[in-house]
Amino acid sequence: MQRIFSGMQPSGRFHLGNYMGALDNWIKLQKDYECFFSIVDLHALTSSFEDTSKIQNNVMEMAIDWLSAGLDPEKNVIFVQSHVPEHAELHLLLSMMTPLSWLERVPTYKDKLQQLGEMGKEINTYGFLGYPVLMTADIILYKAQLVPVGEDQAPHLELAREITRRFNNLYAPVFPEAKALLSKAPVLPGIDGRKMSKSYGNEIPFGSSPDELRAKVRQMITDPARIKKTDCGHPDVCVVYKFYDVFSYPDTQTVRNECENACIGCVDCKKRLAEHMVNVLSETHHRRMHFINKQDYIKEVLEHGAKRARVVAQQTMQEVKQAMKMW
Ligand code: TRP
């Protein structure tokens, strides 16, 4: 069975936009691969080192979201990055052999620095420059062959392969070169039609109850040109239609026809979408309700995961040190 590694930065409770295209993809992958999934709290420090007070809570929220989505903690190794110190150790060794120029030319690096600078946040740090080195350590510590990530991470994966190759050439062929398993994240709009984001307040929280879902769907912006029910609609500019599409409604063509020919009003169209989403998401809601009060259980899951991860990580570090003639 091929091995997968992937990670996510703990950044607070998920919304449906975070779930679709990322977590829902992992849920499918867990059937066919041996998976290591890590909550990467060390990576979170690159942008939150000044205020670390929320990280722990965000880690717990993320673990709850993962389990609620249906990630199986027995089948997969689910753990927190900082619980496995070998990530930091391998990161340090890799940092010795990674040319500075490779890091400086990562296209996302300068963009992100500038973007955060404009928001008044300075992260011109050593650690932030080394973000992809830490990612490389994450992946190769478990000798993962495949790394499911969004397209935005493709440059990081390229660099990870280069660093891996350099290690293998310099010392000994210890690591496979991991391949990205790119998923096209569907762009899920928020209920107001802009990108779904907590900062816009237009998000649908992951694990919402059926009534919360219905209320959010009722607030969705529809085709602004459709004023009366008898006006023909334009599904391609309608938030509701986009959700039909992303949530794989079995018959989106009918929805389109009905809208374009004014056979259904927006109110009824929203009701039908809401019930579809309630169906698709009701299990995640129930699981979330179950896990939210089981902090001790969640902690156990993460401890158990870290133990299992460490067995593999320590074995790899032995091989690394042997290859580098460090003992
Ligand atoms: N940088 C990734 C992101 O922001 C998270 C991440 C950290 C990761 N380490 C990883 C993803 C290793 C894949 C493999 O999405």
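Laid out as a table, the results:
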quantity: Using alpha-carbon coordinates, inclination of helix 131-140 to the longest axis of the chain, degrees; calculated: 80
quantity: Sparse-neighbourhood loop sites, trypsin sites (Lys or Arg not before Pro) in the range 29-128 - DSSP loop, at most 11 other Cβ within 10 angstrom; calculated: LYS31
quantity: Highest-fluctuation residue, TYR244, TYR109, TYR200 considered, GNM on the chain with Cα pairs under 10 Å; calculated: TYR200
quantity: Gaussian network model of the chain, Cα within-10 Å springs - most flexible of GLU283, GLU212, GLU118; calculated: GLU118
quantity: Average Cα contact separation per residue, the chain, under 8 Å, 6 or more apart, as relative contact order %; calculated: 23
quantity: Percent RCO, i.e. relative contact order, over the range 210-284, from Cα pairs under 8 Å lying at least 6 residues apart; calculated: 39
quantity: Rg/Rg_globular for the range 195-253, with Rg_globular taken as 2.2 N^0.38 Å and Rg from C-alpha atoms; calculated: 1.24
quantity: Apportionment of accessible area to carbon and sulfur, the chain, percent (1.4 Å); calculated: 52
quantity: The range 210-284 - accessible surface per residue (Å², probe 1.4 Å); calculated: 55
quantity: Size of the range 110-235 as Cα extents on the principal axes (Å, biggest first); calculated: 71, 35, 29
quantity: Coil-residue trypsin sites (Lys or Arg not before Pro) of the range 267-327, DSSP, other Cβ within 10 Å capped at 13; calculated: LYS294, LYS325
quantity: Convex hull per residue volume in Å³, alpha carbons only, for the chain; calculated: 144
quantity: Within the chain, helix-based [θ] at 222 nm, where runs of 4 or more DSSP H residues each add -39,500 (n - 2.57), nearest 500; calculated: -16500 deg cm²/dmol
quantity: In nm, spacing of pseudo-spin labels at GLN314 and ALA88 (7 Å Cα→C-beta vector); calculated: 1.8
quantity: Simple spin-label estimate for GLU212 and GLN56 in nanometres, 7 Å along Cα-Cβ; calculated: 2.4
quantity: Fraction of antiparallel bridges per DSSP, the chain only, in percent to nearest 5; calculated: 10
quantity: Stretchable slack from ARG105 to GLN295, in nm (0.36 nm times residue separation minus alpha-carbon distance); calculated: 64.2 nm
quantity: Those aspartates and glutamates that a straight Cα-Cα span of less than 15 Å connects to LYS143, excepting residues fewer than 8 apart in one chain; calculated: GLU34, GLU86, GLU162, GLU177, GLU319
quantity: Under 14 Å from the Cα of LYS28 - aspartates and glutamates, other chains or at least 8 residues apart; calculated: ASP72
quantity: Computed over the range 16-167: relative contact order in percent, which uses C-alpha pairs under 8 Å that are six or more apart; calculated: 28
quantity: Sorted largest first, extent of the range 210-284 alpha carbons per principal axis (Å); calculated: 37, 22, 17
quantity: In the range 15-81, GluC sites (Glu not before Pro) in a DSSP loop with at most 16 other beta-carbon atoms within 10 Å; calculated: GLU50, GLU74
quantity: Which listed pairs, of LYS110/LYS321; LYS54/LYS321; LYS112/LYS321; LYS242/LYS271; LYS198/LYS242; LYS121/LYS195, have C-alpha distances above 26 Å, in listed order; calculated: LYS110/LYS321; LYS54/LYS321; LYS112/LYS321
quantity: Residue among ASN202, ASN293, ASN18 with the largest mean-square fluctuation in a Gaussian network model of the chain, springs linking Cα atoms under 10 Å; calculated: ASN293
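The values are calculated or read from the model by the stated rules, or taken from the named source; none is laboratory data. Keep in mind the model is a prediction, meaning the values are calculated, not measured. Glycine gets a Cβ as well: all are built from the backbone with ideal geometry, and neighbour counts include every protein chain shown. Areas reflect the complete protein model, heavy atoms only, side chains present, ligands, DNA and RNA absent. Shrake-Rupley method; radii C 1.70, N 1.55, O 1.52, S 1.80 Å.
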